[in-house]
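Below you'll find the structure, written out as structure tokens, and then a few comments.
The values are calculated or read from the model by the stated rules, or taken from the named source; none is laboratory data. Values in this document were obtained by computation on a predicted structure and should not be read as measured data. Ideal geometry is used to build each Cβ from the backbone, glycine not excepted, and the neighbour counts take in all protein chains shown.
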Amino acid sequence: MKNEIGINIPEILMPEKNVDLKKWSVIACDQYTSQPEFWEEVSNVVGDNYSTLKLILPEVYLEDEEQVIEETIKQIHGNMREYLDKNVLVPEKKGFIYVERKTEHEVARKGLVISIDLEKYEYTADSQSLVRPTEKTVIERIPPRVKIRENASLEFPHIMLLIDDPDEAIIEPLANMKDKLEKLYDFDMIMDGGHISGYKIDDEELLTTLINGFEKFANPDLFKEKYELTENKPVLLFAVGDGNHSLASAKAHWENVKKTLSEDKAADHPARFALVEVVNIHDKSLIVEPIHRVLFNVDTQNLFDSLNTYFKENGSDVEISFHDNRTLMDIEALEGERGTHKFSFITKEQSGIIAVKNPKANIPVGTIQVFLDEYLKNNPKVKIDYIHGTDVVDELSSKEGNMGFILPPISKSDLFRTIILDGVMPRKTFSMGEAHEKRYYLEGRKIVY
């Protein structure tokens, strides 16, 4: 079923019926990277059972000795071959999987597992591809992942692609027809991962309907109208919400493989495609939260002076107002009027609001991060960390020499338009949910003939 938007209908591999799915499915390798005790507990829970834990390298272990890492990667590749040889994994008929993931939210997150053509994706900062990252890709994170993938026979995704569907026209209607679909899995996940259910979609008529829905979003005229664009811009269909470095690694690996292939073989080589889950950015269970900033070893007055100078030189006006008492600002109060971006700052002694008028970026995090990048470059003794909760910002900024910046909430409606107009956003712009809500490995696919 060929299409111009690069959606591929994959042959998905699922564990055979005797495999304990609860122990098979583990969370994405890039979570809990500072908590080896978490992964030790996962290992204890899994034990000797078949598991995706034995097919991944949790990034918490990337600081191990190089020889240890190499041995682990060899073992991963061996486990993949064993799981195929022993028929631990069995192929389903080509199709998609409709997924419902229930955590502590009132409604389940709805997703669609599909395969995409990596020729439709670029991870560079100036990417104009149909599939684009939302945030800057850290190139240094790609080689270790490519090393795992280059001799791997299988892939298991923790990649989540976002689609901007405010009318909930594509994925959400599947919830009303799931009783007519074959249920592939339905179980509680380990480590507070919640509950997940998956339903097979292999009916050609329904597959066509879904692909047609995505194709409508890629129509250039409708795209221009939807985002109120004054000039023609390349269509953005999917934005990478989670797992961008894994997708970038798949792309880098494919570029290496492609060099060895004829044009005919490259057209449908399995490494050309990547398994992903597509989720609507407007899904009611998908919580998009700002990621705040804390600076260490900073001279507050020097920073204010630099901030004023920087924005004036770039054509923006700055107003800094101080609170009477040190106050942790509610992020909801930072939603500025049109044409103004607001941030709260807090130190050991004081707090207040920074308002930047006539900002050049489309969203506040873009406005503050370009300044902070410049400031850090000019003040190498100052360090930065990216913080998810305001309570942690409050605690850290209460120490001498530290300064916290609390960012306003991010509108789901602004996310795609920002990428279209400004390009990929600064790193650590937003987070989608808590760590335990991230995607767990479950479905697989062969990436070799």
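If you take just the helices (runs of 4 or more DSSP H) that sit entirely in the range 357-428, which of them hold at least 1 residues that are more than 26 Å from residue 317 (Cα to Cα) and either modelled with pLDDT of 95 or more or out of contact with any Cys (no Cβ under 7 Å at 6 or more places or on another chain) (or both)?
390-397, 412-422
For the range 163-204, name all the residues that are in contact (Cβ under 8 Å) with a residue 12 or more places away in the chain and of a type in the set (Lys, Arg).
Within the range 163-204, 178, 183, 200 qualify.
Picking from 261, 237, 222, which residue would you name as being within 28 Å of residue 438 (Cα to Cα), modelled with pLDDT of 95 or more and assigned by TED's automatic domain parsing to the domain that holds residue 31?
237
Looking only at the range 292-309, which residues are crowded, with 18+ Cβ neighbours inside 10 Å and either of a type in the set (Ser, Thr, Tyr) or closer than 30 Å to residue 240 by Cα (or both)?
292, 293, 294, 295, listed by residue number.
Among the residues in the range 251-271, are any among the hydroxyl-bearing types (Ser, Thr, Tyr), more than 30 Å from residue 103 (Cα to Cα) and touching a helix residue (DSSP H, G or I) at 6+ places or on another chain (Cβ under 7 Å)?
The answer is no; no qualifying residue exists.
Give the range 119-148 a look and list any residue that's surrounded by 20 or more Cβ atoms within 10 Å (Cβ to Cβ), of a type in the set (D, E, K, R) and farther than 27 Å from residue 4 by Cα, or say none.
Scanning the range 119-148 gives a single hit, 145.
Give the residue, chosen from 23, 93, that is under 30 Å from residue 169 (Cα atoms) and either touching a residue at least 60 places away in the same chain (Cβ under 8 Å) or outside the structural domain of residue 152 (by TED's automatic domain parsing) (or both).
93
So which residues in the range 245-274 are not in a helix (DSSP H, G or I) and not hydroxyl-bearing (Ser, Thr, Tyr), if there are any at all?
259, 261, 269, 273, 274, listed by residue number.
Quick one: in the range 10-55, which of the residues that are small (Gly, Ala, Ser) and surrounded by 15 or more Cβ atoms within 10 Å (Cβ to Cβ) is nearest to the chain's Cα centre (by Cα)?
My answer is 28.
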